[in-house]
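Note sheet for the following structure.
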Amino acid sequence: MSIIELLLIAVSMSMDAFAVSICKGLSVRKVTLKQSLAVGGWFGGFQGVMPVIGFVLPSLFASLITSISHWIAFVLLLFIGGNMIREAMDKDVEEVDDSFSFMTMLTLAVATSIDALAMGVTLNLSGANIWLAAPMIAVTTAVLSPIGLKVGHLFGAKYKNKAELTGGIVLVGLGFKILLEGLGIL
């Protein structure tokens, strides 16, 4: 995968954390440095660790999946991206929580990084360099999450769905690209 593709993945993977950060921003009276560091650290950290875990998993049974790896990567990206698109289209109003406690942030970090675990599997199957991809995802998320916190505080939920929708569309597009490459069409 090229640096541009990895950067697109990094931005797309950070959109869930960005959206949650926007929601957190809706709940605070003033965005503090401590809150910005909390969302950046929690979300960036988990978004960086989870792909590595997902990357290692397929190596346990690599010989069984080599011939269908492009299909697996396609299905995973279609699922992740489709879920992001579905969430973006959902008209339900999410509840806003102003807590930055350990348990709250741990729960949010795990919830927003589950798709990064699946992305790690996809990165393995597509032959990507995880030692480049994981830090890119982590840093991108760590930078965008505090921005999301501030955006949420300033603009409300106006852009949350657009960010998730864009991230979902990019992941679905990358899934199709990997599938077409695996089938020898590209």
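The values are calculated or read from the model by the stated rules, or taken from the named source; none is laboratory data. This is a predicted model, so every value here is computed, not measured. Note: ideal-geometry Cβ built from the backbone for every residue, glycine included; neighbour counts use all protein chains shown. Side chains included, ligands, DNA and RNA excluded: accessible areas come from the protein's heavy atoms. Shrake-Rupley method; radii C 1.70, N 1.55, O 1.52, S 1.80 Å.
Tell me, which residue of region 62-72 that is under 11 Å from T122 (Cα atoms) and open to solvent by less than 90 Å² (accessible area, probe 1.4 Å) is modelled with the highest pLDDT? Full working, then the answer.
Step one: filter region 62-72 for residues under 11 Å from T122 (Cα atoms), giving 69-72.
Retained after the next criterion (residues that are open to solvent by less than 90 Å² (accessible area, probe 1.4 Å)): 69-70, 72.
Numbers: S69: 65, H70: 70, I72: 73.
So, considering only residues that are under 11 Å from T122 (Cα atoms) and open to solvent by less than 90 Å² (accessible area, probe 1.4 Å), the one modelled with the highest pLDDT is I72.
In this structure, L180 does satisfy being over 16 Å from the mean Cα position of the chain (by Cα) and either open to solvent by 70 Å² or more (accessible area, probe 1.4 Å) or modelled with pLDDT of 80 or more (or both).
Across region 15-51, the number of residues qualifying as in contact with a Leu (Cβ under 8 Å, 6 or more places away or on another chain), of a type in the set (F, W, Y) and modelled with pLDDT of 95 or more comes to 2.
Checked against (1) of a type in the set (A, V, I, L, M, F, W, C); (2) part of a helix (DSSP H, G or I); (3) in contact (Cβ under 8 Å) with a residue 40 or more places away in the chain; (4) closer than 24 Å to K162 by Cα, V49 passes all but condition (4).
Residue by residue, here is whether (1) within 23 Å of T166 (Cα to Cα); (2) surrounded by fewer than 24 Cβ atoms within 10 Å (Cβ to Cβ); (3) of a type in the set (V, I, T) holds:
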site	(1), (2), (3)
L8	yes, yes, no
V11	yes, yes, yes
V28	no, yes, yes
T32	no, yes, yes
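Could you please give the count of residues in region 73-98 that are surrounded by fewer than 12 Cβ atoms within 10 Å (Cβ to Cβ) and either modelled with pLDDT under 70 or closer than 13 Å to S21 by Cα (or both)? Lay out the reasoning, then the answer.
Restricting attention to region 73-98, the residues satisfying the condition of being surrounded by fewer than 12 Cβ atoms within 10 Å (Cβ to Cβ) are 89-93, 95.
Filter once more, so that each one left must be either modelled with pLDDT under 70 or closer than 13 Å to S21 by Cα (or both): 91-93, 95.
Number of matching residues: 4.
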